[in-house]
Amino acid sequence: MAVNHARGRRSVPSADNPILASKITVPSVPDWAVPRPRITRLIAEGARWCPLTVVTGPPGAGKTMALALWAATEPGTVAWVCLDEFDNRPGVFWSYVVAALCRSGVAVPDELRAIPQSRCGDDGFLLRLTAVLAAQDPPVTLILDDLHALSEPAVLKGLEFMLRNAGSGLRLMLASRWDPLLPLHRYRLAGQIAEIRASDLSFSIEEAGLLLAQHGSTLTADSLESLTERTEGWAAGLRLAAISLSTHPDPGQFVKELMAEDSALIGYLVDEVLSVQPPQVRYVLLSTSILENVSSDAAVDLTGDEQAAGVLAALVRTNGFVQPIGSGWYRYHTLFAEMLRLRLRHEHPDRVVVLHRRAARWYERNGLLTEAVRHAARAGDWPLAAAMVIDQLAIGQLIEPRDGHPLAGEFAAMPPGQAWTEPQPYLIAAAMALAAGQPQSSAAALDAADLLLERLPADQQAASRLAAAVIGLTAALRAGDLPAAASAAGRAELMLGRVPGGSPAWRLDLRRRVLTGRAAVELWSGQPDQAARILQAGTDARAGSGGEPEQAVWGGRLALAEALRGRLRRAAALADQAAPAAGDHRDPAPLVALAWVHLERHELRETRRWLKLAEAALGESPDLLTEAVAYLVAARGALAEGRAAVAAQIVTRARSGLPVPAWLDQQLSLVEARACVAAGDIVAARAAVERAWDGTAPEAAVTLAHAWAAAGDEDRAARSLAPALEPDSGAPDRVRLQAWLADARLSYAGGDGARGRRSLASALRVAEREQLRLPFAAERGWLGPVLRREPELARAHRGLLGPALGQESLPVPAQDPDQAAAPVIEPLTEREREVLVHLSGMLNTAEVASEMYISVNTVKTHLRSIYRKLAVAHRSEAVRRARQLQLI
């Protein structure tokens with residue numbers, strides 16, 4: 001390796017300035033050194049453009065080697081001084097600087113070389129030396145290695161004077177463990193400093209591999225990556241590992257056991273970093289080593305030392321193994337932290353558990369529950385860990401653990417089968433067993449917790465009883481045990497009002513679980529209106545709080561309730577928002593809601609698509625009620641596609657594996673009856689209806705009428721239908737629609753065209769509100785001929801009937817010759833077409849606004865736009881014109 005020829009010259013110190021030649025000699029580059037072009041390039045660019053280059057890093061970071069590698073390739077004049085604590089005096093320091101400059105070939109006047117140490121550093125000396133350097137062309141590079149050894153103000157002041165005044169004749173390079181005590185900010189503002197930090201000096205995986213190869217060692221790709229990651233590219237750590245690897249029989253195992261008590265790495269860090277610290281600093285470092293990241297406040301709490309925060313801040317300036325990460329938080333270098341933990345266990349084993357308990361309490365007070373539980377677990381204090389989860393109302397995070405909420409993982413090591421003396425660990429075990437799909441184990445743990453709860457003082461029971469109720473509610477819903485779910489929901493709601501404190505976010509989460517549980521009970525009971533009211537109240541309370549996944553839970557369940565009560569547009573809007581917001585953890589409820597909406601609108605391809613997505617979501621997040629509704633949608637969809645046998649099979653599957661609620665069982669029976677009618681088995685159809693009919697169910701009456709009509713018995717069909725046609729029948733719109741359709745069929749078949757027209761018009765008006773097309777599609781056999789005899793009805797509802805029956809089934813719309821040539825000025829938007837549909841159903845402005853969930857003013861704005869686009873002036877003209885243009 002070439003070395004500048006000027007470096008071979010010997011310095012000529014004065015008689016009273018003894019100089020050690022080793023301190024002013026550029027270090028040679030050893031054979032094992034790895035060329036690092038990227039670092040050499042950084043140093044070269046700094047030397048080219050900046051008067052000052054600072055290389056900082058902890059011990060063993062590779063500062064000296066990086067500068068030596070650069071100097072070995074530098075053709076210019078380089079002077080080198082290796083400093084130590086004995087050079088922390090102006091006379092000694094400047095004597096070495098002069099000697100190094102002379103050795104590098106700088107023509108330093110004899111009078112400066114002969115000045116005694118006592119006068120080195122005075123103003124005259126510095127002025128003359130600086131003048132010599134300022135005259136250098138090309139410039140001389142002065143490297144001061146280990147500058148952190150100097151703290152004498154006079155020395156540093158003189159160095160700053162020389163740098164500031166030497167101009168282009170001097171390039172100063174400083175290697176230090178921390179930032180030199182020089183006014184670096186001035187050079188930063190002027191753009192006259194190049195800074196190379198520990199992160200720059202860190203070895204990459206490729207460079208680490210080259211270093212090991214230089215020592216005759218190799219590792220697999222995974223082991224090399226692991227070694228580089230654990231050492232964080234620390235040069236000394238990699239070098240020591242390379243030396244040890246060359247004699248180790250199992251290199252891969254060596255990497256796993258890198259920080260053994262007797263390893264060279266431990267010895268280096270102890271000797272070079274830990275042992276040189278004063279007792280107070282050692283105490284702070286050892287006490288805080290149990291933390292992944294160290295907060296100033298946590299350091300004070302763990303050590304009981306009010307000055308601990310200042311100690312950490314000082315370590316950042318003087319120890320590259322302590323790094324700030326913002327907002328008063330710090331992290332230790334990975335190997336440094338491992339070394340500290342080993343020394344703590346070796347020197348103070350009795351303090352480890354105490355420190356972990358203190359850390360747990362500190363994290364809990366600061367709202368960092370996962371970290372709090374982690375440290376309680378490391379202390380082996382499972383009752384403490386469990387109590388913190390219960391008191392913070394975070395039990396829901398264990399019942400349904402999600403990515404980003406790793407709390408459940410902290411309890412993975414909790415010993416099973418242990419006899420606890422407090423209820424909280426049993427509650428944790430019950431929640432985790434429930435999450436793991438082990439209901440019997442969960443029930444056993446919950447029973448054990450209940451026994452211990454009776455022994456707690458009354459003022460300490462609320463949080464645990466709330467957790468027990470929420471676990472019981474979840475278990476009951478998953479098992480389809482409606483009475484148990486209703487009881488648990490009541491207990492949980494009562495306890496929510498009694499529990500003080502806790503995390504606000506998790507309190508809201510438990511409230512959500514309780515309310516959605518209550519809503520689920522209402523749905524199981526066949527009360528979708530009550531379920532929607534509960535869920536709407538919860539959604540309103542959550543407005544502006546919680547993240548998208550939480551909002552999706554509310555919206556998804558509410559969408560299903562709205563679909564079941566027949567409010568399809570509202571259900572679709574809620575489900576569209578909820579389905580994407582849930583992200584990877586898809587709630588099946590909005591997916592089934594969308595399938596229901598598309599089925600009622602006779603959009604069978606979309607129905608199948610959403611059912612397929614719901615099936616996948618149910619595999620990840622089982623929900624018995626939602627699954628049962630999905631079966632109902634699938635069975636009705638198969639019936640709509642003309643696959644009656646498949647529909648019957650789906651009904652059988654739905655009943656075989658699920659606890660089906662009574663109202664849903666009734667719906668399945670009605671689907672079964674329709675399937676039997678389609679298959680021509682009227683007797684079986686009547687038997688299925690009788691299973692569903694308690695004497696008051698309007699939909700069962702309509703289905704029975706359908707069966708009698710299919711059998712050709714119009715009289716019995718009419719008698720069966722009569723209760724559903726009563727104005728006070730209380731039937732929902734979907735059932736009233738079916739009843740009117742059935743009555744229209746019977747009336748037209750019996751020759752009563754006027755009654756048939758009235759009933760069909762009533763059915764069409766109801767259907768327009770939510771675009772209910774499925775009933776018409778099911779009756780297409782007789783509806784097509786009737787509508788060709790009733791062109792006004794067909795034209796008025798072409799937008800509804802076309803997709804259900806096929807446009808070819810409807811009469812060709814008549815065209816007004818007076819307006820045939822009048823084109824639409826510009827296309828109507830989807831919302832404007834929806835407004836027109838409601839107008840055609842004779843709804844007023846306020847009713848349209850209510851149906852579309854928009855304001856009256858918005859409806860009026862749409863109307864003005866419609867009038868302009870259709871070139872009309874009134875509502876009736878707009879509806880007539882839209883029908884002529886087949887827009888509705």
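The values are calculated or read from the model by the stated rules, or taken from the named source; none is laboratory data. All figures in this text were calculated on a predicted structure; none of them were measured in a lab. Because the Cβ atoms are built from the backbone with ideal geometry, glycine has one as well, and the counts that use them run over all protein chains shown. Accessible surface areas use protein heavy atoms only, side chains included; no ligands, DNA or RNA. Shrake-Rupley method; radii C 1.70, N 1.55, O 1.52, S 1.80 Å.
The convex hull around the C-alpha trace of segment 44-130, projected and averaged over every direction, spans 6.8 square nanometres.
Work out the length of the dipole vector of segment 82-184 about its Cα centre, built from +1 on the beta-carbon of each Lys and Arg and -1 on the beta-carbon of each Asp and Glu, and round it to the nearest 20 debye. It would help to have the intermediate numbers written out before the result.
Numbers: 9 positive and 13 negative charges, 41 e Å.
Rounded to the nearest 20 debye, it is 200 debye.
The packing ranking, built from the mean of other Cβ atoms within 10 Å per residue, places the peptides 785-796, 242-253 in the order 785-796, 242-253, highest first. DSSP assigns beta bridges within the chain; of those with both partners inside it, close to 20 percent run antiparallel.
For the chain, what does -39500 (n - 2.57) per DSSP helix run (n ≥ 4), summed and divided by total residues, give at 222 nm, in deg cm²/dmol to the nearest 500? Let's see the in-between values first.
Details: 47 runs with 556 residues, N = 888.
So the calculated ellipticity at 222 nm is -19500 deg cm²/dmol.
Ranked by the mean number of other Cβ atoms within 10 Å of their residues, highest first, the peptides 565-571, 299-305, 421-427 come out as 421-427, 565-571, 299-305.
Overall, the chain carries a charge dipole of about 2180 debye about its Cα centre when +1 sits on the Cβ of Lys and Arg and -1 on the Cβ of Asp and Glu, all other atoms neutral.
Solvent-accessible area per residue in the chain equals 44 Å², computed with a 1.4 angstrom probe and all protein chains kept.
Cross-link reach is defined here as a Cα-Cα straight distance under 12 Å, omitting same-chain residues fewer than 8 places apart; for Lys157 the aspartates and glutamates meeting it are Asp122, Asp123. Within a Cβ distance under 13 Å of Met432, other residues only, what is the Lys/Arg minus Asp/Glu net charge? The answer is -2. Here the spin labels are modelled as points 7 Å beyond Cα on the Cα-Cβ line, and at Ala687 and Arg186 they lie 10.3 nm apart. Principal-axis analysis of the Cα atoms of the chain puts helix 875-884 at an angle of about 90° to the longest axis.
Give the shape of segment 65-108 as rounded, prolate or oblate, defined through the alpha-carbon gyration tensor: a ≥ b ≥ c are the square roots of its eigenvalues, a/c under 1.5 means rounded, and otherwise the shape is prolate if a/b is larger than b/c and oblate if not. Intermediate values should be presented prior to the final figure.
Values: a/c = 4.85, a/b = 1.42, b/c = 3.41.
Oblate.
Using a ≥ b ≥ c from the Cα gyration tensor of segment 138-181 (square roots of the eigenvalues), is it rounded, prolate or oblate, where a/c under 1.5 gives rounded and otherwise the larger of a/b and b/c decides, a/b for prolate? Note, shape of segment 138-181 comes out oblate. Along the axis of the charge dipole computed for segment 639-724 (Cβ charges of +1 for Lys and Arg, -1 for Asp and Glu, origin at the Cα centre), the listed residues Gln667, Ala645, Val689 are led at the positive end by Ala645.
Contact order, relative form, for the chain: 5 percent (alpha carbon pairs under 8 Å, 6 or more residues apart, mean separation divided by residue count). Protection proxy ranking of 143-152, 177-186, by the mean of other Cβ atoms within 10 Å over each peptide's residues and highest first, is 143-152, 177-186. Dividing the radius of gyration of the alpha carbons in the chain by their Kirkwood radius gives 1.19 for Rg/Rh. Annotation for segment 630-645 versus segment 662-699: alpha-carbon center distance of 14 Å.
All alpha carbon pair distances within segment 403-452 were sorted into 10 Å bins beginning at 0; the resulting P(r) in whole percents reads 28, 55, 16, 1. Each of Met852, Gln536, Ile866 was scored by the projection of its Cα onto the charge dipole of the chain, and the greatest displacement toward the positive side belongs to Ile866; charges sit on the C-beta of Lys, Arg, Asp and Glu. The overall shape of segment 632-695, judged from the alpha-carbon gyration tensor, is oblate: a/c is not under 1.5, and a/b is no greater than b/c. Across segment 596-675, the mean sequence separation of Cα contacts (distance under 8 Å, 6 or more residues apart), normalised by length, yields a relative contact order of 28 percent.
Projecting each Cα onto the charge dipole of the chain (Lys/Arg +1, Asp/Glu -1 at the beta carbon, about the Cα centre), which of Gln738, Ala505, Gly46 comes out farthest on the positive side? With unit charges placed on the Cβ atoms, the residue in question is Gln738. Taking only protein heavy atoms and a 1.4 Å probe, the accessible area of the chain is 53% carbon and sulfur. Relative to one another, the C-alpha centroids of segment 444-481 and segment 16-91 are positioned 69 Å apart. Helix 698-710 and the longest principal axis of the C-alpha atoms of the chain enclose an angle of approximately 60°. The alpha-carbon of Lys869 sits under 16 angstrom from the alpha-carbons of these lysines, leaving out residues fewer than 8 places away in its chain: Lys860. Bridging of Lys63 to lysines at a Cα separation below 23 Å is possible for Lys23, once same-chain residues fewer than 8 apart are set aside.
The magnitude of the dipole of segment 591-737, with charges of +1 and -1 set on the Cβ of Lys/Arg and Asp/Glu and taken from the Cα centre, is near 400 debye.
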